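Take a look at the structure set out below.
The values are calculated or read from the model by the stated rules, or taken from the named source; none is laboratory data. Predicted model, so just to flag it, every value in this text is computed and none were measured. Reconstructed Cβ throughout: ideal geometry from the backbone, glycine too, with neighbour counts over all protein chains shown. Accessible surface areas use protein heavy atoms only, side chains included; no ligands, DNA or RNA. Shrake-Rupley method; radii C 1.70, N 1.55, O 1.52, S 1.80 Å.
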Amino acid sequence: MLKLRNIETFYGNIQALKNINMDVKEGEIITLIGANGAGKSTTLMTICGVTKARRGEVHFQGQPIHGMTPDKIVALGINQVPEGRHIFPYLTVMENLDMGTFLRKDTENIKKDLEYIFDLFPRLAERRHQAGGTLSGGEQQMLAISRAIMTRPKLLLLDEPSLGLAPIIVKQIFDIIKKINKENNTTIFLVEQNANLALKIAHRGYVMETGSITMSDTGENLLSNEDVKKAYLGI
Amino acid sequence: MDFEYFAQLFLGGLTRGSIYALIALGYTMVYGIIELINFAHGEIYMIGAFTGLIIASVFTMLGFPTLAVVVLAGMAAIVYSCAYGFTMEKIAYKPLRNAPRLSALISAIGMSLFLQNYVLLAQTSDFLPFPSLIPDFEFWEPYAHILTSPELVIIITTVVVMILLTFLIKFTQIGKAMRATSQDKMMAALLGINVDRVISVTFIVGSATAAIGGILIASHIGQINFYMGFIAGIKAFVAAVLGGIGSIPGAVLGALVLGWTESFFTGYISSDYEDVFAFLFLVVILIFRPSGILGRAETKKV
Ligand SMILES: Nc1ncnc2c1ncn2[C@@H]1O[C@H](COP(=O)(O)OP(=O)(O)O)[C@@H](O)[C@H]1O
Ligand SMILES: [Mg+2]
């Protein structure tokens, strides 16, 4: 479904991604783990067209997308929940969700999706008229994921959804990620520093170190890999 | 206290404030989206007035009725100003979008000087008489001594523009996109919003309201020159800052406050210090409310 081939991305003269190759199959949960500054967010931004790769290609469902602007890429069915959630602070919860439907015209389904979300996160329903900026971190993460669901993505990119959240909320959010993967057949590309949790729910995983992919295997195998254990699982 | 005099000053201030508001909207909308003080915005207003004058003269000469002349001149001014605003963004600001903010500001000042001199050379440095496009309405005769017909038209037009703009921003797709883009450009793009287009539309809408302001004031004052955009632009900019730059209701409120301040100070104290009062007031307000009357606290942008 998604292919990255020999991707090299730079910030000025600093190379953030070196010869990245990745494959994501339809219906999978894959995870990209790595230390802070490894280049995980840059990988997602390169896929979405926010940061342009200097070399290499990105293909989505057989179509080259590396030359496209972000809005065109979103229209193909790729959506990202970026690191830091990026809730519109002065829009209400409802308006934030509504922004997720910017490219959609199927009013009936939008209504259903909204009900689905309020069912998933009753907290958001309670706060629907509150400004996004006034929500707690956990609620903002729920809203960010919900807003992404409202776009009906084929491929959902999640950048560190567990960052800064209490364990109980993290668990809830990971359950929902599994659920939307199963129920809606949404393909998930999960970036995490919390490698333990991510590898447990992922079918496959990639390990990134200073801009390069150093390992890729099934989630299970990576969880039991000695190097991974030492470097990322703190065992 | 003489009530009639007070009413005159109040309505005079409202008229001035309306004009400032029409121009201030452009400043505040552009700032809200790309955090740029578009110093060349006053020139868009000036170009609107010049276009209006040329078109109005031609069609008056051809013997068109007044109403047709007003509509044609107004439309031409809007279209022309919008074209300038759109082009200005593409050539002077878009290439600098990721450059340090000072570069874009200098580009804006350059654009302002360029347009002034361009009109100076292409037209003239003299004041040109501008026809009074708005007739004195008979039905308004009894009140004309407090508020003239042209002033009435200015106020009504401004109110209509404000209502349309509010509708645009609150209820249309492009309005939603504008609000999202002004709060978080990257996230807007990640939700499928074409940010470049939103920025272009913002310049176009701001230019249209400035052109309307330009025509109205030119017809009211009766003369224009290439420099008119500078002074009006500065005043409107003050209004936008006063209200809280980036905030649309703020720009309108700031413009009205400025209009009334000027009107009352000149009416009751002295007309020699009109601009001094305006700026004094700006300084005082900004001391107590640094982000303007309706401005958001400094954490506005992420
Ligand atoms: N906007 C930027 N400008 C310059 N360098 C950046 C920028 N964003 C990230 N970097 C650098 O690129 C590298 C990869 O960053 P990032 O992709 O954010 O890593 P991760 O998400 O894995 O923590 C880091 O060295 C970071 O400092
Ligand atoms: Mg990151």
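One line per residue, one yes/no per condition, for (1) surrounded by fewer than 16 Cβ atoms within 10 Å (Cβ to Cβ); (2) small (Gly, Ala, Ser); (3) within 16 Å of ligand 1 (Cβ to nearest atom):
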residue	(1), (2), (3)
A:THR42	no, no, yes
A:GLU57	yes, no, no
A:GLU95	no, no, no
A:ASN109	yes, no, no
A:LEU114	no, no, no
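Scanning segment B:139-173 for residues that are open to solvent by less than 80 Å² (accessible area, probe 1.4 Å) and either in contact with a Phe, Trp or Tyr (Cβ under 7 Å, 6 or more places away or on another chain) or aromatic (Phe, Trp, Tyr) (or both) turns up B:TRP140, B:SER149, B:LEU152.
Assess whether B:ASP136 counts as being open to solvent by less than 30 Å² (accessible area, probe 1.4 Å) and of a type in the set (D, E, K, R). No; evaluated as a whole, the condition is false for this residue.
Selection of segment A:21-42 for residues being in contact with a Phe, Trp or Tyr (Cβ under 9 Å, 6 or more places away or on another chain) and of a type outside the set (Gly, Ala, Ser) yields A:MET22, A:VAL24, A:GLU28, A:ILE29, A:ILE30, A:THR31, A:LEU32, A:ILE33, A:THR42. Restricting the first member to segment B:162-176 and to residues that are without any contact (Cβ under 8 Å) to a residue 12 or more places away in the chain and under 22 Å from B:LEU253 (Cβ atoms), and the second to residues that are assigned to a helix (DSSP H, G or I) and open to solvent by less than 40 Å² (accessible area, probe 1.4 Å), the beta-carbon pairs closer than 7 Å and six or more apart or on different chains are B:GLY175/B:ILE169. Among the residues of segment B:116-131, those identified as among the aromatic types (Phe, Trp, Tyr) and open to solvent by 70 Å² or more (accessible area, probe 1.4 Å) are B:TYR118, B:PHE127.
Taking into account only those residues within segment A:1-53 that are farther than 14 Å from A:LEU157 by Cα, within 16 Å of ligand 2 (Cβ to nearest atom) and part of a loop (DSSP other than H, G, I, E, B), which is farthest from the other protein chains (Cβ to nearest Cβ)? So, considering only residues that are farther than 14 Å from A:LEU157 by Cα, within 16 Å of ligand 2 (Cβ to nearest atom) and part of a loop (DSSP other than H, G, I, E, B), the one farthest from the other protein chains (Cβ to nearest Cβ) is A:ALA35. With respect to being away from ligand 2 (no atom under 16 Å from the Cβ), over 19 Å from A:GLY84 (Cα atoms) and of a type outside the set (D, E, K, R), A:LEU124 falls outside the description.
Facing chain B (nearest Cβ under 10 Å), more than 16 Å from the chain's Cα centre (by Cα) and free of Cβ contacts under 8 Å to residues at least 24 places away in the same chain: which single residue out of A:LYS72, A:LYS105 fits that description? Answer to the check: A:LYS72. The residues of segment A:15-34 that are within 16 Å of ligand 1 (Cβ to nearest atom) and crowded, with 19+ Cβ neighbours inside 10 Å, listed by number, are A:ALA16, A:LEU17, A:ILE20, A:MET22, A:ILE30, A:THR31, A:LEU32, A:ILE33, A:GLY34. When the criteria are applied in full, A:ILE65 meets the requirement of being among the hydrophobic types (A, V, I, L, M, F, W, C), modelled with pLDDT of 95 or more and more than 30 Å from B:ARG296 (Cα to Cα). The residue of segment B:77-115 that is surrounded by the fewest Cβ atoms within 10 Å (Cβ to Cβ), among those that are modelled with pLDDT of 95 or more and touching a Gly at 6+ places or on another chain (Cβ under 8 Å), is B:TYR80. Would you confirm whether or not segment A:189-209 contains a residue that is open to solvent by 70 Å² or more (accessible area, probe 1.4 Å), more than 16 Å from ligand 2 (Cβ to nearest atom) and not in a helix (DSSP H, G or I)? Within segment A:189-209 (the criterion being open to solvent by 70 Å² or more (accessible area, probe 1.4 Å), more than 16 Å from ligand 2 (Cβ to nearest atom) and not in a helix (DSSP H, G or I)), the answer is yes, since at least one residue qualifies.
Scanning for something surrounded by fewer than 24 Cβ atoms within 10 Å (Cβ to Cβ), modelled with pLDDT under 95 and within 12 Å of chain A (Cβ to nearest Cβ), does segment B:225-248 turn up at least one residue? Scanning segment B:225-248, I find at least one residue that is surrounded by fewer than 24 Cβ atoms within 10 Å (Cβ to Cβ), modelled with pLDDT under 95 and within 12 Å of chain A (Cβ to nearest Cβ), so the answer is yes.
For the residues A:GLY62, A:GLY100, A:GLY37, A:GLY67, the requirement of being open to solvent by less than 60 Å² (accessible area, probe 1.4 Å) and of a type in the set (Gly, Ala, Ser) singles out A:GLY100. Take segment B:19-43 and flag every residue that is in contact with a Leu (Cβ under 8 Å, 6 or more places away or on another chain) and assigned to a helix (DSSP H, G or I). Answer for segment B:19-43, where residues must be in contact with a Leu (Cβ under 8 Å, 6 or more places away or on another chain) and assigned to a helix (DSSP H, G or I): B:ILE19, B:TYR20, B:ALA21, B:LEU22, B:LEU25, B:VAL30, B:GLU43. Name the residues in segment B:249-282 that are open to solvent by 50 Å² or more (accessible area, probe 1.4 Å) and among the polar types (S, T, N, Q), would you? Answer for segment B:249-282, where residues must be open to solvent by 50 Å² or more (accessible area, probe 1.4 Å) and among the polar types (S, T, N, Q): just B:SER271. From the list A:THR69, A:THR92, the lone residue that is away from ligand 2 (no atom under 16 Å from the Cβ) and out of contact with any strand residue (DSSP E or B) (no Cβ under 9 Å at 6 or more places or on another chain) is A:THR69.
Scanning segment B:283-302 for residues that are open to solvent by less than 100 Å² (accessible area, probe 1.4 Å) and at pLDDT 80 or above gives B:VAL283, B:VAL284, B:ILE285, B:LEU286, B:SER291, B:GLY292, B:ILE293, B:LEU294, B:GLY295.
Pairing each residue of segment B:183-211 that is within 7 Å of chain A (Cβ to nearest Cβ) with any residue that is aromatic (Phe, Trp, Tyr), provided the two are 6+ apart or on different chains, yields C-beta distances under 9 Å for B:GLN183/A:PHE88; B:GLN183/A:TYR90; B:ASP184/A:PHE88; B:MET187/A:PHE88; B:LEU191/A:PHE102; B:GLY192/A:PHE102; B:ILE193/A:PHE102.
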